[in-house]
Amino acid sequence: MSSGMSVIVRTVTRFTYALIIVFGFYVIMHGHLTPGGGFQGGAVVASAFALALVAFGTAGLKGALNRHLLQSLEEVGALAFLGLAFAGVGTAFFYNILANSGSVFGGSDPAALASGGVLPLMNWAVGLKVMTGIASILIIMVIGARKEATE
Amino acid sequence: MNALLHHAPVLLVAVPLLGAFAVPLVGKLGSGLRRFFVGLIALLTTAIAGYLAASFYAAGASPIVYVLGGRLSLPSGMVAPIRIMFELDGLSVFMMLITALAALAAVLYTSSFWKERSGATLKDSLMLLLIVGIFGMEMTGDLFNFFVFLEITSIAACSLVGFRVWNGRSQEAAFKVMTLYTLSGLFVLLAVGLLYGQYGGLNIAYLATMIGSGAALVDKIALGLLLTGLAMKAGAVPMHMWAPDAYGEAPGAASILLVANSQASLYGLFRVLFTLYGSAYSPQSLAWILIGLAVLTIIVGVTMALVQRDLKRLIAFGAVSQIGYMMLAVGVGFAAMTALQPSDFGFVALQGGLFHMINDAACIGLLFLAAGIVIRRAGTRDLQGMGGIAHDLKWTTAFFMLGAFALAGMPPLNGFASKLMIYESTFRLSPVLAIVAILASILLLAVFLRAFQAAFLGPRTEPTDVMRPVPISMLVSMGLLALVVVAFGLFPGFFVDRIVTPAAQALWSGRDAYIQAVMSGMGG
Amino acid sequence: MTGITTGFGAWNPIAWLLLFLGVVAGALFLRRFGNKQYKKNTGQTKVFLSGNEEPEASALHVRGAHLYWGFVDGLSAYYRRVRALHTGLLSDYVALFVGTLGVVLIVLVLSR
């Protein structure tokens with residue numbers, strides 16, 4: 001696992017890596033408008049990390065994916081989601097404070113990107129948590145697999 | 001109604017959840033700060049639970065409904081309750097108090113137990129997550145969210161069981177627990193799906209109004225799936241096999257949370273039997289299924305405890321047998337309630353069964369916590385290799401003895417009070433059941449005398465400095481539970497009147513109030 | 001206030017405690033009439049094992065696995081069967097769950 005795969009795979013990965021991440025961000029961003037959302041988009045982004053891990057191996061990545069940083073970001077995503085839920089506590093927990101307020105994301109056009117109140121923000125929080133969470137699970141699994149291979 | 005009280009039900013879930021996610025970040029700043037933070041979260045949660053319970057009982061114990069994300073009714077005027085909501089009646093608040101007690105004791109105990117081990121951050125996070133799941137199961141008014149919280153407890157619980165990753169036995173136990181919890185969760189989900197397909201709703205109160213008298217076949221199948229799935233998670237024989245593995249391998253503080261988790265599943269079972277179906281579908285055969293499982297649980301639990309050599313497995317089988325007492329009492333209550341002429345002894349049985357739940361949480365918790373110290377001290381879990389612990393650990397010895405006597409129903413401790421109510425009400429339904437329960441209780445005393453004799457009495461084995469002196473926070477944690485044991489034992493009438501009777505009332509006659517609390521708010 | 005009534009009987013721990021203290025006081029009172037003539041730290045207070053030496057305390061401790069041997073042996077027919085159920089195999093656990101589910105479903109479907 002540490003050495004990576006053939007040059008064909010690595011070259012294709014260089015091309016598709018950014019595309020997959022952009023597509024994942026697109027799914028997260030339009031979560032309140034189209035099928036998908038934070039979880040699905042986050043999983044798509046994490047699949048790009050998985051591809052990089054398989055193609056280049058942990059050694060080839062040279063620590064570009066820092067597990068401790070990813071885990072901290074995962075907690076930040078979870079706390080951001082919870083914080084948005086707490087923000088509505090003036091009325092009720094999870095109350096959508098931004099919806100129909102006229103400010104950012106408070107647009108009244110239901111098909112616009114800047115609508116939905118706190119929903120897009122929650123999608124971003126979930127997306128951050130899922131992409132970093134799955135990525136750190138993958139890294140741990142790769143480390144475990146390498147240990148087993150060397151034993 | 002002030003804002004804190006209004007939001008208290010959701011804060012009980014949100015505060016530990018916040019803690020669970022923030023612990024890894026706080027843990028990076030230092031282990032002392034992390035332990036302070038976790039203790040603060042646990043204290044805050046317990047304080048909210050206590051405040052909520054106090055004002056709930058002061059207001060006459062009428063059900064509270066909390067709707068997440070806005071008002072109960074929808075702008076479109078739809079009459080089915082589709083929002084996520086918490087609904088608390090006497091039983092939910094009672095269970096919430098048990099969980100708060102167990103959570104506080106577990107967090108206090110664990111703060112020094114794992115000081116020198118790695119992975120303590122993860123353990124704190126998982127324990128808070130387990131507390132979140134248990135609170136959620138007990139408060140939710142929505143069948144699908146009940147499943148979600150059930151899964152949260154399953155995941156957190158099996159991670160805690162398999163926490164000692166360096167130990168093959170705990171990995172095996174975690175695998176078994178994970179498989180069985182998932183299985184029970186999937187059957188519960190199947191039942192929820194059947195009910196949703198039939199009635200188009202997930203709210204417990206709404207479904208209860210839709211299940212008319214003379215349940216359809218699909219209702220019966222859903223009931224069977226819910227009953228078996230939840231009974232397995234509660235640890236009823238013959239589906240109890242996971243319990244000794246789980247309780248035995250989990251760290252000491254996690255064991256008490258697993259007990260609270262089993263009781264939350266039992267709560268779900270009672271909620272389904274009495275509220276979701278209740279008077280709509282309550283054949284006598286259902287009560288006898290419950291009683292049959294209970295008698296098996298009592299007998300097999302106690303007799304298997306007698307032959308265990310592993311101290312934690314011995315206590316675990318004792319815990320299994322106590323689940324049987326609760327199921328027996330509630331089964332008797334159910335039989336009396338649904339008989340052609342309801343008799344008052346059923347209400348006493350419900351009181352006894354529910355009172356036994358909080359007593360069991362305190363006694364079994366005390367035993368598990370004391371056993372954790374004993375095992376660290378002796379360096380083994382095998383009773384054959386122990387002896388003479390009482391020479392050095394005086395408080396631990398006293399707490400273990402108190403827990404054992406209370407659990408076996410020695411007067412004047414709390415276990416006697418609740419078991420007396422169970423015996424005398426069960427006797428009115430069938431003397432044989434009462435005799436079985438009493439004999440099993442005597443046998444349980446023998447079981448714990450054996451454990452006590454083997455571990456605590458006798459000459460010192462290898463005297464080491466491990467766990468000496470026992471950390472203060474552990475003694476405080478056990479002292480808290482011991483205080484509950486003694487207080488509930490000396491003043492049973494006081495506590496039964498205040499907290500147990502509203503809970504029993506919620507089962508006995510609270511179905512309409514539970515439904516009305518949600519349904520009357522609709523359409524406005 | 002402190003006690004509970006079960007509809008059949010009643011239980012008051014405070015009264016029980018008072019009675020208990022009374023009995024203890026009575027026992028201590030009777031104990032005062034005992035014989036005080038024996039001499040401490042002499043042969044009178046030593047353990048007598050048919051004239052044999054008393055073994056070390058550590059040799060006398062009955063270990064956990066040895067207690068209730070007779071009880072368990074008397075019920076060996078029962079224990080053989082129950083222990084055979086606790087195989088520790090996950091597939092058996094699942095089979096017992098499915099079996100119980102089947103019984104419960106049959107009873108529920110057949111009942112009114």
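Since every read-out is calculated from the coordinates, none of them should be taken as a lab result. This one's a predicted model, so the numbers in the text were calculated from it and none came from an experiment. Reconstructed Cβ throughout: ideal geometry from the backbone, glycine too, with neighbour counts over all protein chains shown.
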Near-label residues of region B:161-183 by backbone N, under 16 Å of a point 7 Å along Cα→Cβ of B:Arg376: B:164
Global form of region A:1-86, assessed from the alpha-carbon gyration tensor, a/c cut-off 1.5: oblate
Calculated FRET value between B:Lys28 and B:Val218, using beta carbons and R₀ = 51 Å, to 0.05: 0.50
In region B:266-325, trypsin sites (Lys or Arg not before Pro) in a DSSP loop with at most 16 other beta-carbon atoms within 10 Å: B:Arg309
Pairwise centroid distance, computed over Cα atoms, of region C:46-84 with region B:29-43, Å: 47 Å
Spin-label pair A:Tyr26/B:Ser62, simplified geometry with 7 Å Cα→Cβ offset, distance in nm: 5.6 nm
Over 28 Å between alpha carbons, listed pairs A:Lys129/B:Lys123; B:Lys312/C:Lys46; B:Lys176/B:Lys394: B:Lys312/C:Lys46; B:Lys176/B:Lys394
Taking the convex hull of Cα positions in chain B, its mean projected area over all directions (nm²): 22.6 nm²
Principal-axis tilt of helix B:252-270 within chain B, Cα atoms, nearest 10 degrees: 20 degrees
Span from the region B:328-393 Cα centroid across to the region B:477-516 one, whole angstrom: 15 Å
Check: the protein assembly as shown dipole with +1 on Lys, Arg Cβ and -1 on Asp, Glu Cβ, in debye: 1540 debye
Angle between chain C longest axis and helix C:90-110 axis [Cα atoms, degrees, rounded to 10]: 70 degrees
C:Thr87-B:Gln198 pseudo-label distance in nm [points 7 Å out on the Cα-to-Cβ vector]: 3.5 nm
Neighbour cut-off at most 11 other Cβ (10 Å), DSSP loop, chymotrypsin sites (Phe, Trp or Tyr not before Pro), region B:143-236: B:Trp166
Kirkwood hydrodynamic radius (C-alpha pairs) into Stokes-Einstein, the protein assembly as shown, 37 °C and 0.692 mPa s, D in µm²/s: 116 µm²/s
Normalised per residue, the volume of the convex hull around the Cα set of region A:7-150 (Å³): 117 Å³
Inter-chain Cβ neighbour average for residues B:418-427, partner chain, 10 Å: 3
Square roots of five times the Cα gyration tensor eigenvalues for region B:283-490, Å: 35, 17, 12
Cα-based equivalent ellipsoid of chain C: semi-axis lengths in Å, sorted from largest, via gyration tensor: 51, 34, 11
Dipole moment magnitude, nearest 20 debye, region B:283-490 about Cα centre, only Lys, Arg, Asp, Glu C-beta charged: 360 debye
Alpha carbon centroid spacing (whole Å) that separates region B:255-308 from region A:58-118: 42 Å
Computed label-point distance, nm, for sites B:Trp395 and C:Glu53 using a 7 Å Cα→Cβ extension: 4.2 nm
Region A:28-64: chymotrypsin sites (Phe, Trp or Tyr not before Pro) in DSSP coil with no more than 11 other Cβ atoms inside 10 Å: none
Positive-pole candidate from B:Ala361, B:Leu311, B:Leu290, dipole of region B:283-490, charges at beta carbon: B:Leu311
Which of B:Gly352, B:Pro431, B:Ala451, positive extreme of dipole for chain B (C-beta unit charges): B:Ala451
